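Worksheet for the structure shown next.
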Amino acid sequence: MILHLLNRSPVTSRVIDDALAAMGPDDQMLLIEDGVLGGLPAQAVPFKNLAGRLFALREDLLSRGLLERCGEHVTIIDVRGFVALTEEADKTVSWY
C-alpha cells in the first residue's frame with residue numbers, strides 16, 4: 001500500500017488529477033496543509049472512489065477553521081494517526 005500525501009488545495013492545483021491517477025486500489029490518501037480543503041463536501045467529487053481510504057489531518061483542518069465543516073467522505077485523523085498510516089504503508093508519495 002502506498003500513502004499519498006496531498007498538500008495542495010484541489011481547487012487551485014491540478015496535481016490532484018495526477019495523484020488520483022497514480023493511486024492503486026489499496027492505496028490511501030492523506031490531505032494535509034491546504035490539501036484539507038478537499039475535505040469539504042463541495043470538493044468531494046474527485047474523491048468519490050476513495051471511500052474509507054481518504055483521510056485529513058485534524059490539526060490542519062482545525063487551523064483553517066474547517067474541522068466542523070469536513071464532509072463524511074473523509075476520515076479525520078490526528079498526528080498519531082498520520083504516523084500510524086506511514087507505518088502501515090510500504091512507501092509514501094508527496095504530491096506538491
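Read-outs throughout are calculated quantities, based only on the coordinates presented, and are distinct from any laboratory measurement. Note that the structure is a prediction, hence the values are computed from the model and not measured.
Take the Cα pairs of the stretch 46-96, get the Kirkwood Rh, then feed it into Stokes-Einstein at 10 °C and 1.306 mPa s and tell me D in µm²/s.
It comes out at roughly 132 µm²/s.
What is the extension gain from ALA89 to ASN49, computed as 0.36 nm multiplied by their sequence separation minus the C-alpha to C-alpha distance, in nm to one decimal?
Roughly 12.5 nm would be gained on extension.
Starting from the amide H of LEU30, placed 1.01 Å from N in the peptide plane, find each other amide H under 5 Å away whose residue is 5 or more places distant or on another chain.
HIS4, LEU5, LEU6, PHE55
With just the Cα atoms of the chain, tell me how far they stretch along each of the three principal axes, in Å, largest first.
Here the spans come out as 32, 28, 22 Å, largest first.
Counting each DSSP H run of 4 or more residues in the chain as -39500 (n - 2.57), what helix-only mean residue ellipticity at 222 nm follows after dividing by all residues, to the nearest 500 deg cm²/dmol?
Helices in the chain give a 222 nm mean residue ellipticity of -6500 deg cm²/dmol.
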